[in-house]
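Enquirer: Have a look at the structure that comes next, please.
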Amino acid sequence: MLKDHNVTTQSFHQLAQKKPFLPSAVWHNAVRGMFIQTQDTPNPNSLKFIPGKEVLESRTMEFSTPAAAFCSPLARQLFKIEGVKSIFFGPDFITITKESEDLDWNLLKPDIYATIMDFFASGLPVVTDEAPRTDTAASEDDDEVVLMIKELLDTRIRPTVQEDGGDVIYKGFEDGIVQLKLQGACTSCPSSIITLKNGIQNMLQFYIPEVEGVEQVVDDDDDLEKEANST
């Protein structure tokens, strides 16, 4: 059983002396009776849209490219908006990351609002049955330490990261190092390393002595994107 600790009452970004991010705007469509709230994230290129409806229940999904959105009618529609770089679905929110800081959110928001409202009015599923699972659920092959890491991620760490419009996914544990993938607003956030070291690593080490550190891992798509941006 994990003991309580005061670090859980603070956002990981607050631990790094970041100001809390509060809802900044509400879009109301009187015809459909739908409110969409927006909330800033620690990443200036990512904005959190809260439709007031369930998005993915208790799971999360990231779409880093239009090709990755094959299993989501909503993500496919959002990628049609010029300037949208990546999309992240949380249990009750959608994080949109724009292509560059030069793009004005005030120009992107109307199309994003309209797309989200039209989609939820259509009654289509947010994701289809072939959608891959990315949960950190326990498996029969997990030893005691890995089970504790996954429990801590699911109960204490992921809910806090999701408040900032992102998520953290367990990828492995080897030689005392926990391998994690940051998603959503956290992916390209300037303070992502601070989040890993000052927030996640400190909490894991406090509860689990076997943890010596954490490291961020990226998928093949992320590697290709970084190479393209560097050329």
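The values are calculated or read from the model by the stated rules, or taken from the named source; none is laboratory data. No experiment lies behind these values; they were computed from the predicted model shown. When we count neighbours, we look across all protein chains shown, and the Cβ atoms used for this are built from the backbone with ideal geometry, even at glycine. Please note that ligands, DNA and RNA were not included when accessible areas were found on the heavy atoms of the full protein model with its side chains. Shrake-Rupley method; radii C 1.70, N 1.55, O 1.52, S 1.80 Å.
Enquirer: Looking at GLN17, GLN39, GLN77 in this structure, which one is assigned to a helix (DSSP H, G or I) and either at pLDDT below 50 or surrounded by 12 or more Cβ atoms within 10 Å (Cβ to Cβ) (or both)?
Expert: Working: GLN17 fails: assigned to a helix (DSSP H, G or I); GLN39 fails: assigned to a helix (DSSP H, G or I).
After ruling out the rest, the residue left standing is GLN77.
Enquirer: Which condition does PRO51 not pass, out of (1) buried (at least 16 other Cβ atoms within 10 Å of the Cβ); (2) modelled with pLDDT of 95 or more; (3) of a type outside the set (Phe, Trp, Tyr), if it passes all the others?
Expert: (2)
Enquirer: Can you tell me which residue among ASP102, ASP141 is at pLDDT 90 or above, loosely packed, with under 14 Cβ neighbours inside 10 Å and part of a loop (DSSP other than H, G, I, E, B)?
Expert: Details: ASP141 fails: at pLDDT 90 or above.
Within the list ASP102, ASP141, the selection yields ASP102.
Enquirer: Looking only at the range 105-121, count every residue that is open to solvent by 30 Å² or more (accessible area, probe 1.4 Å) and farther than 13 Å from PRO51 by Cβ and tell me the total.
Expert: 6
Enquirer: Being of a type in the set (D, E, K, R), assigned to a loop (DSSP other than H, G, I, E, B) and surrounded by fewer than 20 Cβ atoms within 10 Å (Cβ to Cβ) narrows it down to one of GLU82, GLU151, so name that one.
Expert: Working: GLU151 fails: assigned to a loop (DSSP other than H, G, I, E, B).
That would be GLU82, the only listed residue that is of a type in the set (D, E, K, R), assigned to a loop (DSSP other than H, G, I, E, B) and surrounded by fewer than 20 Cβ atoms within 10 Å (Cβ to Cβ).
Enquirer: Checking TRP27 against (1) under 21 Å from PHE119 (Cβ atoms); (2) at pLDDT below 50; (3) outside any loop (DSSP other than H, G, I, E, B): exactly one of these is not met. Which one?
Expert: For TRP27, the failing item is (2).
Enquirer: Sort out which residues of the range 90-99 are surrounded by 21 or more Cβ atoms within 10 Å (Cβ to Cβ) and either part of a helix (DSSP H, G or I) or touching an Asp or Glu at 6+ places or on another chain (Cβ under 8 Å) (or both), and write them in order of number. Outline the logic, then answer.
Expert: Restricting attention to the range 90-99, the residues satisfying the condition of being surrounded by 21 or more Cβ atoms within 10 Å (Cβ to Cβ) are 90, 93-98.
GLY90 - this is the single residue of the range 90-99 that is surrounded by 21 or more Cβ atoms within 10 Å (Cβ to Cβ) and either part of a helix (DSSP H, G or I) or touching an Asp or Glu at 6+ places or on another chain (Cβ under 8 Å) (or both).
Enquirer: Would you confirm whether or not the range 65-73 contains a residue that is in contact (Cβ under 8 Å) with a residue 24 or more places away in the chain, under 23 Å from LEU182 (Cβ atoms) and in contact with a Pro (Cβ under 8 Å, 6 or more places away or on another chain)?
Expert: The answer is yes; a qualifying residue exists.
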